[in-house]
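Every read-out reported here was derived from the displayed coordinates using simple, explicitly stated rules and does not represent laboratory data. What you see is a predicted model; the values in this text were computed from it and never measured. Cβ atoms come from the backbone with ideal geometry, glycine included; neighbour counts cover every protein chain shown.
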Amino acid sequence: MSTTETSTTAAPTELQKGHIGQSIPRKEDKRLVQGQGIFFDDVRRHGMGYVHFVRSPHAHAKILSIDVSAALELDGVYGTLTGDEVAIQTDPFFEMSTPPGANIKDYALAVGRVRFMGEPVAAVVARTRELARDAAELVEVEYEPLDVLVDARESVKDETVMHDDAGSNVVWSGVFDWGDWEAAKAEADHIVKIDELHFHRFSSTPLECSGALVEYEKASGQWTLHCNHQMPGVGAIWMAPSLRTGIDKLRFITRDIGGGFGNKICLHPYYVTLCLLARKLNRPVNWTEWRTDQHTANAHGNERWFHDVEVAVKSDGTMLGFNVKALDDCGAFPRYEPLGCIIWAQVTAGCYGWRNIRVDFTQVTTNKSPVSPNRGYSRMQHLWLTERIIDIVATELDLDRVEIRKRNYVKTEQMPYETPNGCVYDSGDYARCLDIALDLIGYDTIEERRAEAAARGKLLGFGIGSTLDSGTNNFGQSQMLNPELQFSGNNEAATVKLDIFGELVVTLGTVPQGQGHETTASQVVADIVGCSPDQVNVRQGHDTFFNSNAGFSGTYASQFAVTGLGAVKGAADALRAEMIQLAAAVLQCEEGQIELADGFARIKDGPAEAALPFMALGAIVNANNAFLPPDFNPTLNHRFVYRPYFGPVDVEKKMGKLTLTYSTQIHACVLEVDRETGVVEIVDYAAVDDCGVRIHPQIVEGQVHGATAHAIGAALHEEFIYDEDGQLLTSNFYDYHVPHALDVPALKTSAIESPSPFTPLGSKGMGEGGGGGIHCIGSAIQDALKPVGKPIVYDSCNPYHRVWSMLQDPERTRANVEVVPA
Amino acid sequence: MLLREVEYARPSSVDEAIRLLAANEGARALAGGQTLVNVMKARAASPDVLVDLNSLDELREISVSGETLQLGAMATYTRIMASSEVDVSRPILAEVAAQIADVQVRNRGTIGGNICSNDPTNHLPPLLVALGASMTIRGADGERTVAANEFFLGVYMTAVGEGELLLSVSVPAAANAADGFASVTIGRDGTCIANAAASLAGGAARVVLGCVDAVPILLEPAGTDEESIRQAVAAASLEPPSDVHASAEYRRHLAGVCAVRAVQQATERGR
Amino acid sequence: MSQPSLSRSIAVEVNGEVYEREVDARRLLVHFIRDDLDLTGTHVGCDTGNCGACTIHLDGQAVKSCMVLAVQADGSKLRTVEGLAPSDDQLSPLQQSFSAHHALQCGYCTPGMLMSASALLEQNPRPTEEEARKAIQGNICRCTGYVNIVEAIVSTGASA
């Protein structure tokens, strides 16, 4: 196998658009509609035991004792594991923060203290799932409850400290100061002040919960995890040192994954427990997380407060900048954090041209479930802030919400546009997307509809959500949090080979969870080597032992269309070159005379017999190669690692290219509020997406639909709500209401294509959607309620009771804002 | 998921079912299971013995005799929705049954299970009180009939005692009855935050509120106009529970809105 | 009189094949189908009966197999997603339509969706959009926003 490791910064090659750009049938579908997909819980092993976790009923308590003896006596129980064993056999997970966050000790099971409801304190393995749960009930744990922190605004005071090793609840804090805020303030005609805004806690709750079947091989000391981790490379970086083993002793195998959305990135504490159990009991162990467990103790999205917001505005609506204190709540342990303290900076300016931005950012722990990246991770929270700012400024200064956006949007002629913090927006036309979205919701008739609705006792409003989906991270931004971290850049790998019978075989470094990678990768390969996508076999799923992978491999952060397909393209280009070389040698012509098309390498305009089917090429190299000259060694097997170029970041000024591409989503909606009940009904919804060149438009549209549904759910209903004792009150789909089929309106979508000048295919990562619907629905609610005392939407979640409260007491929300002449 | 150990019996007659319920301490009747199995999955309840009623076809019957529509306790929501007897004698029952949960739940869930579980957010308890239904219960000592407004005793508690079985629900037949039902749910079809049922006859209204107390609250307002309804709700001095979906204050307000809307719907139907 | 017991011997017909097993009374039908019969196309997405990923047909009706005990299925005919296609190589019109309309992404909710949708189409071969939405209101999908699922169902009916 030849390996080509290349940095790719050159302008994109011209690709013939054959299969690329077509919505061909997805390769994944046939098995999935027949119930033949292979999800982790479908894998069985002889003698496997089922794991059930003993979980803390307290949000914060000392563990005084754990007694597993009664559980062990139950017939059919194979064994147990407790925090004490974990503390002896493993090291705490690596923390990314600087002190105090760096000093937090995070183990696979609670050691000495529990810090959130549902935190695993012990695990039991038994012959059946039911027995494992029976046994877990027999484990006796004695607790001494401690004071509970559920509000980040309390945590930050450090009156109670959750992690004694850290000595503070603050995980990380720092100031970001770009442009010249003081000068902007001086130049402004108005300063609009907002005391407090709150971005709520929710998550995408993939329908398949987490889990794994873990096997341990005594002879080699190797673990095999049949699992649904969506970023196994990073999972292994956490797990291997903790288990005091090498990374190559951890083999992750994923096949089909039932949705991820970032929520399956921080599974390492659970997986380490499973590894320890598989080794201790010398038998395969299965853990299937149940929904209530997932809601209670896995992967919430970051909750964030914004305080003392000040916005500098000119009389004509030109926005000069803003100043804000952000307080992020990461739950009981940082895990993937404090990366969220920097990831938002990829979209510091949102869609707008303001040049002076100051953000004082602090992240704290609370006695709630640890967070994990969640669709739109960290950027969504910040983009919600920018959209709230625009709408509140428009309301307070009586400016038109469409006009103020268009005035301040970064213009298409400014692209590529460098933001105040050194990021480069690659391409886009925000104003045009907005026009299309407004057309789709019938913006020109909005006032008539408002009047018509009022006659029915309904308050009608329209809203806009302008967002960016930044993709292809530069992990160098982590050094702005902690200069000692040895992470920067990005990479992804793929291999493409031509097999003996003429089949193109592709392996990916990515770990798909429904994004159709098998299909889109086959489109790219087919166009490059000249065959049908049917001739391309993209291996399902991912196996870290056999799939090509690089340090940042995985499926996360809106990047497959750039990194994953960039790697596929690089490998396919190398294969193509070699196929041409081989065909020229066999057909005894110049390489320039060879064309690859229809599954043949042939002489252009040559006789019919001057054509080699791919099978012949594959057979020659693999099985019939004696006649090839000694100095010509084609492999027809190519690995390529795609590496986007970012250059170094400025750690002092916190500036640099933090991400490679910026997709645009402009959402617009019309909704009606029932004045008597606060019930909100969306009556019209449009989403316009620009992700550059679309490889498979139907898949792109599907992502837009999905991201929109997530946002609708989050904007109206989905919230992880805790009581003052740290008990989660929305632990199931009754109380945590995700959208049902009747809740999602018929979505109107449209797309434009502004190709990225920075990527191999002109494509951009997309799929997360930046929370466009959250911004858009909040905007529309504020508009709808305007006639009833102009309340201000101050929370990202607006269930009926909150809307009703705003109707009852608009002044309470208005006390939150103030316009001060500058 | 993962229930505690439980014994299971599947009687083939009502008498056998009653004998099984009486003979086994900690036995519970298993109707559609759409509440009970869920509660057992959470291990919030763990009966020792389940007496499965699903073989008792005689409890599934829906019939009309004279002025009475009789619904067997094991009549599923789907069957109630499709029943021509219900359609001609008290169509509101089918309409409200169609609002319960989803197709799959309606295919298994039964009227008897719904009212015996008496979850305060259920649809049928307030409706049946509004319609003046009565429940027929059989035990070792024979049958008795209990009026709907005496049937519901507390959260998950009804007049059906240990060793007894609910056989059927009787509702006065009235094809053109002025009945109405209104609710506010989480999303278009989630759990009820507030609901109300109304039935008007001879210028008088029976209005029943769900979700605000352990049992349905029956109001008999002075008239059917909005003002009378609101006064009756106010006079009830409701003290509804607070939860993540509604504060007591909001729920009290919604109870009033639902009551007025249920009566409005009933008034329109009665025209 | 039948005596209460902790386990029972049951016989069920699944997709035309009869299975006889001894099963604990407490075992849910979904675990029986997945773990005892190894028919893993039926999925579990919640533990409270909300998500519908475990939807199967029990004697011709769509039910959530996490809210039925395996012992209750004794003597019944079940159909699971594995029984939808006429053959391994040939998909049903509904399955084809799901693929054509991109009505699935991760595919985890898909078996349950297909079972709910096929139950609808058997009773109502040409459903409207609203009827299609109501038929799947008990099935949660976290990927698609339902738009394409509804289209796939309606269009299967339209071309039937």
Restricting attention to the alpha-carbon atoms of region A:701-743, what are Rg (one decimal) and Dmax (integer), both in Å?
12.5, 42
Over chain B, what is the mean sequence separation of C-alpha contacts under 8 Å (at least six apart), divided by residue count, expressed as relative contact order in percent?
16 percent
Using alpha-carbon pairs under 8 Å, 6+ residues apart, how would you state the relative contact order of chain A in percent?
18 percent
Quick one: net charge around C:S9, please, counting Lys, Arg +1 and Asp, Glu -1 for every other residue with C-beta under 11 Å from its C-beta.
-1
Only Cα pairs within less than 10 Å get springs; with that Gaussian network setup on chain B, which residue of B:V39, B:V96, B:V169 has the largest fluctuation?
B:V39
Against the longest principal axis of chain B, how steep is helix B:14-23, in degrees 0 to 90 to the nearest 10, with axes from Cα atoms?
80 degrees
Peptides C:111-120, A:335-344, B:141-150, A:322-331: what's the order by average Cβ count within 10 Å, highest mean first?
C:111-120, A:335-344, A:322-331, B:141-150
What do you get for the angle between helix B:248-270 and the principal long axis of chain B? Use alpha-carbon atoms, 0 to 90 degrees, nearest ten.
80 degrees
For every other residue with a beta carbon closer than 15 angstrom to the beta carbon of A:G112, add +1 if it is Lys or Arg and -1 if Asp or Glu, then tell me the sum.
-4
Check every DSSP H run in chain A and write down those whose alpha carbon atoms cover 30 angstrom or more along the long axis and whose mean Kyte-Doolittle hydropathy is -1.0 or greater.
A:565-587
Using only the Cα atoms of region A:93-186, build the gyration tensor, take square roots of its eigenvalues as a ≥ b ≥ c, and label the shape rounded, prolate or oblate: rounded if a/c is under 1.5, else prolate if a/b is larger than b/c, else oblate.
prolate
Counted charge near A:N228, where neighbours are those whose Cβ lies closer than 15 Å (Asp, Glu -1; Lys, Arg +1):
-2
For chain B, set up a Gaussian network in which alpha carbons nearer than 10 Å are linked by springs, and say which option among B:S55, B:S65, B:S168 fluctuates the most.
B:S65
Highest-fluctuation residue, C:V147, C:V44, C:V30 considered, GNM on chain C with Cα pairs under 10 Å:
C:V147
Could you list A:V693, A:V803, A:V562 so that the one with the fewest beta carbons within 10 Å of its beta carbon is first and the one with the most is last?
A:V693, A:V803, A:V562
When A:H190, A:H229, C:H102 are ranked with the fewest other C-beta atoms within 10 Å first, the list becomes A:H190, C:H102, A:H229
Post the alpha-carbon centroid distance, region B:60-85 to region A:371-446, in whole angstrom.
57 Å
Between A:V511 and residues 5 or more places away or on another chain, which pairs have amide H atoms under 5 Å apart, with H built 1.01 Å from N, and which residues are they?
A:G554, A:T555
Could you give the alpha-carbon Rg of chain B over 2.2 N^0.38 Å, rounded to two decimals?
0.99
Work out the FRET efficiency for A:K325 and C:E122 from their Cβ-Cβ distance, taking R0 = 51 Å, and round it to the nearest 0.05.
0.30
Return the Cα extents of the protein assembly as shown along principal axes one, two and three, sorted largest first, each rounded to a whole Å.
100, 77, 68
Peptide A:796-802, shielding by other chains (average Cβ, 10 Å cutoff):
4
Value of Rg/Rh across region A:143-219 [Cα atoms, Kirkwood radius]
1.18
Just need the relative contact order of region B:98-255 here, percent rounded to a whole number, with Cα pairs under 8 Å and 6+ apart.
21 percent
Of A:K27/A:K569; A:K193/A:K657; A:K62/A:K280; A:K458/A:K790; A:K27/A:K497; A:K569/A:K654, pairs whose Cα-Cα distance is over 23 Å
A:K193/A:K657; A:K62/A:K280; A:K569/A:K654
Quick note on A:M766, A:M615, ordering by fewest other C-beta atoms within 10 Å, gives A:M615, A:M766
Given points 7 Å out from each Cα along the Cα-Cβ axis, report the A:R456 to A:A597 separation in nanometres with one decimal.
5.7 nm
For the Cα atoms of chain C, what angle does the longest principal axis make with the long axis of helix C:110-123, in degrees from 0 to 90, nearest 10?
80 degrees
When each of A:K157/A:K325; A:K218/B:K41; A:K264/A:K764; A:K406/A:K748 is checked by Cα-Cα distance, pairs over 26 Å:
A:K218/B:K41
By the gyration tensor of its Cα atoms, with a ≥ b ≥ c the square roots of the eigenvalues, what is the shape of region B:108-178: rounded for a/c under 1.5, prolate for a/b over b/c, or oblate?
oblate
